[in-house]
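Worksheet: the structure to be examined is printed underneath.
The values are calculated or read from the model by the stated rules, or taken from the named source; none is laboratory data. Just so it is clear, the model here is predicted, and its values are computed rather than measured. Virtual Cβ from ideal backbone geometry, glycine too; neighbours counted across all protein chains shown.
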Amino acid sequence: MHQQRLDLLREALPYIQRFKGKTFVVKLSGKVTDEPENLASLAEELALLHQVGIRVCVIHGGGKQLTELAELMGVEQTIINGRRVTDDATLDMAKMIFAGKINTDILAALRQRGVHAVGLSGVDGNIVRAERRPPKEIVNQETGKSERVDFGHVGDVLEIDDRLLRVLLDHDYLPVVSSLGADDEGRVFNINADTIAAEIAVRLEAEKLVMLSDVDGIYLRPGEQATKISRLTAAEVEALIRDGVATGGMIPKLQNITELLRRGVRSAHIIKGSLRNALLSEVFTDEGTGTMIIA
């Protein structure tokens, strides 16, 4: 066993050398940050990346915690096709939960590991310049009817200003960014964390975008372990979509990822956030744990 551990260290060495000074954008879902033990374990992995000279930028949402707070406060939530309508009360709660509780919990976990982390929202330093999402005609998957939906205070990203993030990364800080943004009038919006992570990864010319989710990668047939794909190229992804192998919710996910690779991010990874050492093995071992998509 001892020998095996040392061999793992040897296996990690070329990766450590290759990634030193490179930028990784890591996206955490609300589910990942909700469980204190899970978060502590993850903070340790992030600290290790940081320690070996990788520039790490963390982005997080917190849909799960927002739903729980809304229940507690008795604020009804409207979710259409998996997207939340953000009314005034929900926006206030999103500010509290995203820029407040979750962000601070992540900072505290990183602090425990000796990392100098800095908590930000996309409103800080104008990192996420956004506009209000216009009302859209949407086919409601539950009712099958087409309806015009106003998502309220939900924003679309116009551009990312990366100056503040670069200042922090250049000085060995680890930025932790929550999924809010604002427009030029100072109106604050709830924004999809995956989108923010993707746009920041492009702007920072990231080596990797790592999405920690509740699934451990991409499956050709959902839930069938044998159909998990561990490595894909952008061309193979296009073929999966073209040949009708990828279906449903998988298609937009895959399209978003190939689009990123076209825009300069070197690789995208989908790994399971609650799996101990998933991040380390994805970065520092040959086989990894999730799905890696390369240009």
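A compact table of results
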| quantity | calculated |
| --- | --- |
| Residue within segment 170-186 that is more than 23 Å from residue 31 (Cα to Cα), part of a strand (DSSP E or B) and not aromatic (Phe, Trp, Tyr) present | yes |
| All positions within segment 86-110 that are of a type outside the set (D, E, K, R), over 17 Å from residue 181 (Cβ atoms), crowded, with 17+ Cβ neighbours inside 10 Å and in contact with a helix residue (DSSP H, G or I) (Cβ under 9 Å, 6 or more places away or on another chain) | 106, 109, 110 |
| Lone qualifier among 55, 83, 113 - being within 30 Å of residue 150 (Cβ to Cβ), basic (Lys, Arg) and either surrounded by 16 or more Cβ atoms within 10 Å (Cβ to Cβ) or touching a residue at least 60 places away in the same chain (Cβ under 8 Å) (or both) | 83 |
| Residue identified as among the hydrophobic types (A, V, I, L, M, F, W, C), farther than 28 Å from residue 92 by Cβ and over 15 Å from the mean Cα position of the chain (by Cα) among 202, 215, 188, 245 | 245 |
| Criterion: touching a residue at least 12 places away in the same chain (Cβ under 8 Å), among the hydroxyl-bearing types (Ser, Thr, Tyr), buried (at least 18 other Cβ atoms within 10 Å of the Cβ) and under 16 Å from residue 207 (Cα atoms) - qualifying residue of 233, 258 | 258 |
| Residue pairs meeting the criteria (Cβ under 6 Å; at least 6 apart or on separate chains; first farther than 17 Å from residue 45 by Cα, in segment 204-230; second surrounded by fewer than 17 Cβ atoms within 10 Å (Cβ to Cβ) and among the hydroxyl-bearing types (Ser, Thr, Tyr)) | 219/227; 220/227; 221/227 |
| Scope segment 121-131; condition of a type outside the set (S, T, N, Q) and either farther than 30 Å from residue 149 by Cβ or out of contact with any strand residue (DSSP E or B) (no Cβ under 6 Å at 6 or more places or on another chain) (or both); matching residues | 124, 125, 127 |
| Wholly enclosed helices (runs of 4 or more DSSP H) of segment 23-105 bearing at least 1 residues over 14 Å from the mean Cα position of the chain (by Cα) and not acidic (Asp, Glu) | 36-51, 63-73, 88-94 |
| Within segment 199-224, considering residues that are at pLDDT below 95 and of a type in the set (A, V, I, L, M, F, W, C), the one surrounded by the most Cβ atoms within 10 Å (Cβ to Cβ) | 212 |
| Considering residues of segment 124-175 that are surrounded by fewer than 11 Cβ atoms within 10 Å (Cβ to Cβ) and touching an Asp or Glu at 6+ places or on another chain (Cβ under 7 Å) only, the residue nearest to residue 87 (Cα to Cα) | 148 |
| So residue 102, is it β-branched (Val, Ile, Thr) and more than 23 Å from residue 267 (Cα to Cα) | yes |
| Number of the exception - residue 142 against (1) over 17 Å from the mean Cα position of the chain (by Cα); (2) not in a loop (DSSP other than H, G, I, E, B) | (2) |
